[in-house]
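First up is the structure itself, then whatever we jot down about it.
Nothing in this text is a laboratory measurement; each read-out follows from the coordinates by a stated rule. Everything quoted here is computed from the prediction, not taken from an experiment. Neighbour counts run over all protein chains shown; Cβ positions are idealised from the backbone, glycine included.
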Amino acid sequence: MSLARRSPMEVKQPDWPASDQMAWDTLFVEGDILDGQGPLAHWRQTTRQKCAQSYGYWLAFVARTDGLGETTNPADRVNPDTVKAFVQDTLGRCSTETTHMRLNELGKIVRAMSRTTDWAWLRNVENRLRKQCRHGEIKRRAGITALDLYNWGLDRMNEADANQTLSPKNRAIQFRQGLIVALLVARPLRKRTFLGLRIGKGLVETNGNYVLSLDREDLKDNKARDFPLPSGLKGKMARYLSHHRKILLQDATSDALWISKYGGAYTTSGFVGSLAKLTFREFGETLRPHAFRHIAATSVALDDPENVNIIATILGHASLSTSEAYYNRAQGIEAINAYQDVVRDLRKSADRQKPQAGARRPRLKWKETA
C-alpha cells in the first residue's frame with residue numbers, strides 16, 4: 001500500500017489497505033428484499049464522504065503508532081488502548097467537539113463492520129466525550145455579527161464596481177467575494193448546497209426576482225424550500241450574472257453559479273480556503289462556511305430571542321427542539337423574511353446612529369427599545 005497521496009493526518013480512501021476498502025465497500029452494497037443490502041446502504045453520499053474522512057484520520061493515527069498492516073477484520077484494530085490514545089492525540093490538535101465527531105463516526109463504521117462485537121465500551125467513551133462538548137453554547141465569534149458581514153459584502157461589491165484602477169478580472173473577483181459573503185450570511189446554506197447552486201437549478205430568476213429553490217436533498221431536514229434573495233441583493237446578483245461572472249468564465253462554459261479566478265466552478269477546497277483567507281484578512285478571524293450559519297443563528301438567538309423559532313428553518317434543520325413544528329416551503333419563506341427583517345432593522349438602526357469622525361461606534365441592538 002502506498003501512502004504517497006496521504007495528507008499528514010489523513011489516509012485518503014484510495015490509499016486504504018485492501019482489507020479496509022473491502023470492508024467499507026461491503027457496508028454500502030445495494031440490494032433488494034431478497035438479496036439484502038449493506039447495513040449503511042441508506043447513507044447519503046455526503047455522509048459517506050464525511051465518515052470516510054474520519055476513518056481516514058483513524059487509519060493515519062494507526063499508521064503513525066502501531067503501523068498500518070493488512071488485517072482480516074479492520075474492526076479488530078479498534079480496542080480500548082488504541083482508542084484512548086487516538087482520543088488523546090486528536091484532543092491535542094482539535095476541539096473536544098471535533099474529537100467527539102471523529103470518534104462517533106468511527107464508532108458508526110466499526111459497529112456496522114462487526115455487528116456481533118460488543119461495542120458497549122466504545123459507546124461509553126463516546127458518551128463521556130460528548131458530555132464535555134459545548135454544542136449548545138451560544139457565543140459570538142470575536143464580535144462579528146450578521147450585520148457586519150452583510151454590510152461588508154455590500155461595500156465590497158460597490159467598491160469593486162467603482163475602482164477603475166483594478167483590472168476587469170480583479171474587479172470581478174472582488175465583486176464575487178462581496179456577493180458570496182453577503183449571501184452566505186443572508187441565506188446561510190450548507191457548504192455543499194451553496195457551492196452546488198446552478199443557474200436555472202438552485203438559483204431561479206423570474207421577472208427580475210431571484211429565488212434559491214432547494215430540493216429536499218439540499219437540506220438536513222429533507223424538506224424542499226424556496227428562499228427568495230433579499231431585495232438588497234437582487235441587483236447585485238443581476239450584475240454578477242450579466243457582467244462579472246462572464247469575465248471570470250473567460251471562454252469557458254458552466255452552469256455553476258460560483259466561478260473561481262481560474263475560470264471554472266469553485267472546488268470545495270478552493271472555496272473554503274479562499275473564504276478563510278479573505279475573512280481572516282478582513283475580520284481578523286478565519287471563517288469557513290459553517291461559521292456563517294453559526295453567526296446567523298446566534299445573531300437571532302442573542303439579539304432577537306422572540307424570533308428564535310426561525311433558526312431551524314433558516315438553517316434547514318429538522319427541528320429546533322423535539323417539539324419543533326413542521327416547516328414547509330411557505331414557512332421557509334416566512335422564516336427567511338423574518339430573519340431579513342432583523343438584518344434590515346439593524347441597518348436602519350446603524351444609519352441613525354452613525355458616529356461622527358473619531359467617535360466610538362455604539363453597540364447595536366437587534367431592536368430598538370421603547
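Observations, loosely collected:
- Cα-Cα over 20 Å, subset of K169/K246; K201/K246; K84/K108; K108/K223; K246/K277; K50/K108: K108/K223; K246/K277
- Take 79-90, 99-110, 193-204 and order them by the average number of nearby Cβ atoms within 10 Å per residue, most first; the result is 99-110, 193-204, 79-90.
- Using only side-chain charges placed at the Cβ, +1 for Lys and Arg and -1 for Asp and Glu, the dipole size of region 193-281 relative to its Cα centre rounds to 360 debye.
- Between the amide H of Y210 and those of L229, distances stay under 5 Å, these residues lying 5 or more places away or on another chain, with hydrogens modeled in the peptide plane.
- Cα gyration tensor shape for region 13-131, rounded if a/c is under 1.5, else prolate or oblate: prolate
- 3J(HN,Hα) from dihedral phi, region 270-285, Karplus parametrisation 6.51/-1.76/1.60, rounded to Hz, x for glycine, proline: x, 5, 5, x, 5, 5, 4, 5, 4, 5, 5, 5, 8, 10, x, 9
- Full-stretch length increase - K201, H290 - with 0.36 nm per residue and alpha-carbon distance subtracted: 29.8 nm
- Positive-end residue, region 165-275 charge dipole about Cα centroid, Cβ charges, pick of Y262, Q250, G273: G273
- Each residue in Y55, Y262 was given a count of other beta-carbon atoms within 10 angstrom of its own, and listing them fewest first yields Y262, Y55.
- Gain upon complete extension [T26, Q49; 0.36 nm per residue less C-alpha separation]: 6.7 nm
- 3J(HN,Hα) couplings calculated from phi for region 77-90 with the Karplus curve 6.51 cos²θ - 1.76 cosθ + 1.60 (θ = phi - 60°) are, in sequence order, 5, 8, 10, x, 5, 5, 5, 4, 5, 5, 4, 5, 5, 5 Hz; Gly and Pro show x.
- Karplus (6.51, -1.76, 1.60) ³J(HN,Hα), θ = phi - 60°, over region 244-252, in Hz, Gly and Pro reported as x: 5, 5, 5, 5, 5, 5, 6, 9, 7
- Amide H contacts of L203: R198, S213, each under 5 Å away and 5 or more positions distant or on a separate chain (H built 1.01 Å from N in the peptide plane; Pro and chain starts excluded).
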